[in-house]
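Below is one structure, written out as structure tokens, with a few remarks after it.
The values are calculated or read from the model by the stated rules, or taken from the named source; none is laboratory data. Small disclaimer: the values here were computed from a predicted structure and weren't measured. Glycine gets a Cβ as well: all are built from the backbone with ideal geometry, and neighbour counts include every protein chain shown. Side chains are part of the model used for accessible areas, which takes the heavy atoms of the whole protein and leaves out ligands, DNA and RNA. Shrake-Rupley method; radii C 1.70, N 1.55, O 1.52, S 1.80 Å.
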Amino acid sequence: SINTDLEWVRQHTRLLQRAIEWERKSKNNSYLLSGTDLEEAEQWMSEAATKPNRQVVPLQAKYIHESRTVALRRQRSLLIGVSLAAVISLVAAAFAVYQSIQATQQKDRAEKNEASAIENRNIAATQKAIAEDKQKEAETNQRLAEEHPRIAEEKTILGNAQRSAALAQIY
């Protein structure tokens with residue numbers, strides 16, 4: 001009994017009790033080892049293989065092995081989930097950048113359209129002013145024609161002569 005390693009025996013008993021409980025609960029994963037408990041159990045099992053008179057019960061070995069398998073599966077699932085979240089984040093960021101570029105282009109087009117509209121308004125106002133001046137000139141000429149038919153006739157002849165001279169210069 002002096003040579004008995006009490007710590008090893010305690011660990012053996014503890015792991016055997018937990019393995020039996022796991023088996024009784026239909027091998028429910030929630031009863032498996034994880035984290036530091038799993039690491040210590042694996043260390044305990046590897047030490048048992050190197051020393052005489054230390055045997056691991058097959059149920060304990062299966063319990064520790066299944067604990068590691070589930071821990072690795074859980075770790076892979078977590079890694080896949082994090083990777084998927086990262087991919088989704090990158091896609092969302094790319095879409096946001098695309099939307100930002102589209103918004104900037106739309107803004108530029110709107111500013112150009114606004115400038116064009118202002119220019120067209122100015123042109124329209126100028127054309128309106130010219131038309132109003134021409135209307136006033138026509139009304140003045142009409143009055144003059146009614147008051148002095150001969151002056152109107154001379155103006156018409158003079159206007160036609162000026163037009164003819166201008167056309168002659170063009171052709």
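Observations on the structure shown:
- Applying a threshold of 7 Å to beta carbon distances and a minimum spacing of six or more residues, or different chains, the list of pairs starting in region 127-146 at a residue that is among the aliphatic types (A, V, I, L, M) and ending at one that is part of a helix (DSSP H, G or I) reads LEU144/ILE151; LEU144/ALA152; ALA145/ALA152.
- Annotation note: Cβ proximity below 6 Å between a residue of region 81-108 that is loosely packed, with under 10 Cβ neighbours inside 10 Å and a residue that is among the acidic types (Asp, Glu) (sequence gap 6+ or interchain) occurs for no pair.
- Filter result for ILE170 (modelled with pLDDT of 95 or more, more than 30 Å from SER26 (Cα to Cα) and open to solvent by 90 Å² or more (accessible area, probe 1.4 Å)): no
- Of all residues in region 1-43, those being closer than 14 Å to SER67 by Cα and in a helix (DSSP H, G or I) number 20.
- Qualifying residue in region 56-67 (condition: over 28 Å from GLU7 (Cβ atoms), loosely packed, with under 10 Cβ neighbours inside 10 Å and not basic (Lys, Arg)): no
- Filter result (open to solvent by less than 80 Å² (accessible area, probe 1.4 Å) and at pLDDT below 80) within region 121-150: LEU144, ALA145
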